[in-house]
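> Handing you this structure, nothing more for now.
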Amino acid sequence: MMNIIMIKNIKSFKKKKKNKDCLPIQVNQWKATEFRQFLLYLSLVVLDDLVPSKHMKMFTYMQYVLFKIGGFKATPIPERDLQEAQEWIEYIVFQIQKICCTFSVPPVIHNFLHIVNDCRHFGVQLDNLSAFIYENHMGFFRNNIHSGNRKMEQLQNRLAEYLCNVYVQDENGDFVRNIDGKPVLRGFGPNHRTIVTSPTIVKTRMYSTLITKDFVLSSKLQDCWCKIKCGDGELVVKVENFNYDAVHTDTKRIFGRRVLEVSKNRAFPKPDSRKFGVFKLKGLSNVIECWSIEAITGKLFVMPDMVALERDFPNANPENFLPSQIEKFVGEEYWNNSLLWSGIVLRHCFD
């Protein structure tokens, strides 16, 4: 997970501003999806204790706005939320003008004032207005156009072949559909994850994976954190495995260890950040428990708290905190009891 190295190197960059080799990634080379990931998920961890408090406030206010109107559902946002988001945006732009724009506001910042009206006009959440979904298919276009002659025909032929291999067809060549009218998939593989319509468990020799239409959970460290509904409350769980019930083969189970301490993140602008899915996590249970996958309410993006790790391991290299090495490096006792994590729920997993 290069994000952990990035956090470590950004902190060293603050101490050695003249050394241009400290930053592993040039920001001007980021794509829009990378800026979005940084704004919504990484910034709380990376920028904490690094930027002035007034700038950090603007960042967290902007996060709050995007979580208020963001999401991938093609459903209207309540007018109350739209009005609140618009008020916050106008306040943010006014503060940005005071901080860094003496004479006028750049067009990009001015355009920020209109995103609420776009959501209201089209009746969808913000991420439904993006073009990210088309970028995911650029590889398909690039790999299936082999000459400059009849490009659209090439794409049409390859797409027809692809659909025939992905969906079940009857003797007449028509797609077989389920009771909901959706085409039935032939199977599930790594290239079909985005079109899976029901939770499916995929087993490999190394780990097991739960694939849903919204997200992928696995026993890999970067994909193993989720929220579980338990009684009247919710738990944060580290996934160890997925399996089918021994008696009822249709029942899918999640096996994992619950996080013992879930506290609020002080960098978030609301009194209790846990209401918005932003957590500080610490301690893992020694007991592996079992829940139905129907109890999963969301996937978490979780990272070790680098401030705490730098304090406890001052001489460590960034590579020591990679997912493949961090557990062995910090030791089992520290991993299970003292390691502090920062986590944020991916909003589109449970919208």
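> Of all residues in segment 281-294, count the ones that are surrounded by 14 or more Cβ atoms within 10 Å (Cβ to Cβ) and modelled with pLDDT under 85.
Let us first name the residues in segment 281-294 that are surrounded by 14 or more Cβ atoms within 10 Å (Cβ to Cβ), namely 281-285, 289, 291, 293.
Among the residues that remain, those that are also modelled with pLDDT under 85 are: 293.
The number of residues fulfilling the criteria is 1.
> Among (1) within 26 Å of the chain's Cα centre (by Cα); (2) at pLDDT below 85; (3) farther than 21 Å from W30 by Cα, which single condition is N157 missing?
(1)
> Just to verify a result, which residue in segment 204-222, among those that are modelled with pLDDT under 80 and touching a strand residue (DSSP E or B) at 6+ places or on another chain (Cβ under 7 Å), is surrounded by the most Cβ atoms within 10 Å (Cβ to Cβ)? Reasoning before the result, please.
Within segment 204-222, the first condition is being modelled with pLDDT under 80, and the residues that meet it are 204-208, 211-215.
Among the residues that remain, those that are also touching a strand residue (DSSP E or B) at 6+ places or on another chain (Cβ under 7 Å) are: 207-208, 211, 215.
Values: Y207: 16, S208: 18, I211: 22, F215: 17.
Residue satisfying both the conditions and the ranking: I211.
> Can you spot a residue in segment 146-153 that is among the small types (G, A, S), modelled with pLDDT of 70 or more and either surrounded by 15 or more Cβ atoms within 10 Å (Cβ to Cβ) or under 22 Å from F35 (Cα atoms) (or both)?
Kept after step one, since they are among the small types (G, A, S), are these residues of segment 146-153: 147-148.
Among the residues that remain, those that are also modelled with pLDDT of 70 or more are: 147-148.
If we keep only those that are either surrounded by 15 or more Cβ atoms within 10 Å (Cβ to Cβ) or under 22 Å from F35 (Cα atoms) (or both) too, we end up with none.
Scanning segment 146-153, I find no residue that is among the small types (G, A, S), modelled with pLDDT of 70 or more and either surrounded by 15 or more Cβ atoms within 10 Å (Cβ to Cβ) or under 22 Å from F35 (Cα atoms) (or both), so the answer is no.
> Oh, and also: Take the residues of segment 317-339 that are open to solvent by less than 50 Å² (accessible area, probe 1.4 Å) and at pLDDT 85 or above: which is nearest to T75 (Cα to Cα)?
Result: L339.
The values are calculated or read from the model by the stated rules, or taken from the named source; none is laboratory data. All figures in this text were calculated on a predicted structure; none of them were measured in a lab. Cβ coordinates were reconstructed from backbone atoms using ideal geometry, including for glycine residues, and neighbour counts include every protein chain displayed. In case anyone asks, the SASA skips ligands and DNA or RNA and just uses the protein heavy atoms, side chains included. Shrake-Rupley method; radii C 1.70, N 1.55, O 1.52, S 1.80 Å.
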